[in-house]
Structures are given as C-alpha cells and as structure tokens.
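These notes concern the structure reproduced below.
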Amino acid sequence: MAVVRAVVFDTDGVLLATAARHAAAWKEAFDGCLAAWGRLTGERPRPFDPVHDYRDLVDGRSRLDGARAFLAARRIGLPVGTSGDPPGCGTVHAVAARKEQIFSRTVRAEGVEAFDDVRPALFRLREMQVGCAAVSASRHARSLLESAGLVGSLDAVVDGNDADVLALPGKPDPALFLEAADRLGVGPQYSAVVEDALVGVEAGRRGRFRLVVGLARDGGPDGADALRAHGAHLVMPDLGGLPAALDGRRP
C-alpha cells in the first residue's frame with residue numbers, strides 16, 4: 001500500500017458542527033415557499049425532510065446545485081434566474097439566496113464550533129507529517145474555519161470562492177478535492193478524502209483517491225451503509241481513529 005501523505009477533509013459535518021444548521025436553513029428556505037410552489041404545481045409539495053432530503057439532495061452540494069436537486073425531486077419547475085436575484089421563491093437563484101440569508105443569520109447569532117475530535121486528530125496528523133486541507137462548496141468556509149480556530153492547523157483551504165474563480169464544478173465531480181491535493185503537493189494516489197456527504201464520498205472515488213473515508217457521526221447503520229454504497233473504503237464514527245488508520249497504511 002502506498003504511503004498516505006495528505007488528507008483532504010470536507011468542512012461542514014466533518015470539521016465543523018454546522019451540518020444541522022445547514023439542514024435547518026434549507027428546511028426553512030424550502031418549506032417557506034411551499035404555498036407559492038403549490039400554486040405552480042396544483043398540489044402542495046411535500047415538505048423538506050432535514051434528515052433524508054438533506055443527505056440525499058443537498059448535503060455537500062453548492063447552494064445552487066442543492067436548490068436544483070430539491071426542486072427537481074419535487075418536480076417544481078422554476079426559471080434559473082441570475083446571481084443577483086434577492087432571496088425569494090421565484091427562481092432557483094432566489095431560493096439559494098433565501099437559504100444563504102437564513103444560514104448567515106443563524107451563524108451570526110450562534111457562532112460555530114469544531115467537533116471535539118478535530119483538533120487532536122489534526123495535531124496527530126501534523127506529527128505524522130501528513131498534510132491537511134479543508135474543502136467546501138460554501139463561500140463561508142474559510143471565515144467559519146477561522147472563527148473556529150482551525151485555519152492554523154490546515155495547510156490549505158479550498159472553498160466556494162475558489163471554486164467560482166477557478167470555475168471548478170461541484171461534487172460529485174472531484175475537482176475541489178483534486179485542487180486541494182494539488183495545493184498540498186500530493187497526488188490523489190497518495191491522499192485520503194474524509195467526507196460525511198454521499199456526493200462527497202462519490203467525488204473521492206471518482207478522483208481515484210487512495211483512501212475514501214466516510215464519516216457517520218450520527219452513528220446510525222443507514223448512514224454508514226449509504227456511505228459504503230456510494231464508495232467509501234472505510235466508515236468511521238468520528239476522527240479519533242483516523243491517524244491510526246492512516247498509520248496502518250504506511251510502510
């Protein structure tokens with residue numbers, strides 16, 4: 001087995017305890033538009049499920065792609081609109097902006113924290129001379145990582161702003177992960193990906209990363225099985241065992 005010399009971490013739900021806030025923001029954004037969309041479809045669409053719909057449709061995707069996926073799943077046809085659309089229900093961009101507004105409001109009010117297992121894992125990986133990067137489709141990722149005090153423990157960050165500048169497609173395309181590995185100076189064949197999102201796990205496999213770790217923090221068997229089904233080589237409940245798992249793959 002080749003040496004794993006770098007790890008690329010997803011941000012929300014892996015490093016930062018923000019996944020539940022994202023799910024709640026999506027629910028408020030989507031459910032607040034159901035009446036308006038019902039007038040388009042002739043029937044009231046089914047509300048957003050913050051567990052299954054979040055996992056299957058929006059987790060790991062950019063806001064725009066997440067909005068598209070949910071609308072398609074509910075067979076709601078909206079014009080795409082433009083990036084300048086204000087928060088609302090009439091275009092895909094407006095729905096994405098609505099979610100952004102809600103999430104930003106929550107973060108300003110409540111702040112953000114890293115999971116307890118993150119700092120010890122990053123410290124141990126640094127001792128092992130394993131490079132670490134964080135990736136996210138969110139434009140907020142860098143600032144959130146800074147507010148959580150994690151940027152100094154990372155060697156690279158690739159976020160939604162980078163994706164826009166570099167025109168990187170979103171997950172399940174592996175472009176974000178490959179960009180992060182490139183910034184670490186390590187090819188995917190010597191790198192691991194750690195993800196909690198199904199599309200992120202799929203992206204890791206598409207990028208031919210040496211190891212794709214699915215993180216099932218909720219501890220439920222359904223989540224772990226889904227991560228394996230989408231291509232995770234290994235599923236873990238948290239990051240506590242990650243350094244040892246990587247060390248076991250070193251010569």
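Taken over the range 186-215, the criterion of being of a type outside the set (V, I, T) and in a helix (DSSP H, G or I) is satisfied by P188, Q189, Y190, L198, G200, E202, A203, G204, R205, R206. Looking at the structure I just gave you, is D31 closer than 30 Å to D155 by Cβ, at pLDDT 90 or above and acidic (D, E)? Taking the combined requirement at face value, the residue does not satisfy it. Is it true that R217 is in contact with a Phe, Trp or Tyr (Cβ under 8 Å, 6 or more places away or on another chain), modelled with pLDDT under 95 and of a type outside the set (A, V, I, L, M)? Spelling it out, R217 is indeed in contact with a Phe, Trp or Tyr (Cβ under 8 Å, 6 or more places away or on another chain), modelled with pLDDT under 95 and of a type outside the set (A, V, I, L, M).
Keeping to the range 150-176, report how many residues are surrounded by fewer than 20 Cβ atoms within 10 Å (Cβ to Cβ), in contact with a helix residue (DSSP H, G or I) (Cβ under 6 Å, 6 or more places away or on another chain) and not hydrophobic (A, V, I, L, M, F, W, C). Residues that pass the stated criteria total 3.
If only residues of the range 1-48 that are among the basic types (K, R) and in a loop (DSSP other than H, G, I, E, B) are counted, the one that is nearest to R119 (Cα to Cα) is R5. Among the residues of the range 62-109, those that are among the polar types (S, T, N, Q) and either in the same structural domain as P169 (by TED's automatic domain parsing) or in contact with a His (Cβ under 7 Å, 6 or more places away or on another chain) (or both) comprise T82, S83.
Candidates A197, A203: the one that is touching a residue at least 12 places away in the same chain (Cβ under 8 Å) and touching a Gly at 6+ places or on another chain (Cβ under 7 Å) is A197. Residue selection: R124 fails the criterion of being modelled with pLDDT of 95 or more and either touching a Gly at 6+ places or on another chain (Cβ under 9 Å) or not assigned by TED's automatic domain parsing to the domain that holds P237 (or both). Within the range 29-49, the only residue that satisfies the criterion of being crowded, with 19+ Cβ neighbours inside 10 Å, under 19 Å from the mean Cα position of the chain (by Cα) and free of Cβ contacts under 8 Å to residues at least 60 places away in the same chain is F48.
Select from the range 11-28 the residues that are buried (at least 21 other Cβ atoms within 10 Å of the Cβ) and either polar (S, T, N, Q) or touching a Ser or Thr at 6+ places or on another chain (Cβ under 7 Å) (or both) and list them in ascending order. Passing the criteria: T11, D12, T18, A25.
Consider V135 carefully, then state whether it is surrounded by 20 or more Cβ atoms within 10 Å (Cβ to Cβ), β-branched (V, I, T) and closer than 16 Å to E28 by Cα. For V135, the condition - surrounded by 20 or more Cβ atoms within 10 Å (Cβ to Cβ), β-branched (V, I, T) and closer than 16 Å to E28 by Cα - is not met.
Scanning the range 215-236 for residues that are under 16 Å from E202 (Cβ atoms) and without any contact (Cβ under 8 Å) to a residue 12 or more places away in the chain yields A224, D225, A229.
The values are calculated or read from the model by the stated rules, or taken from the named source; none is laboratory data. Predicted, not measured: the structure shown is a model, and the values here were computed from it. All Cβ positions, glycine included, derive from the backbone under ideal geometry; neighbour counts span all protein chains shown.
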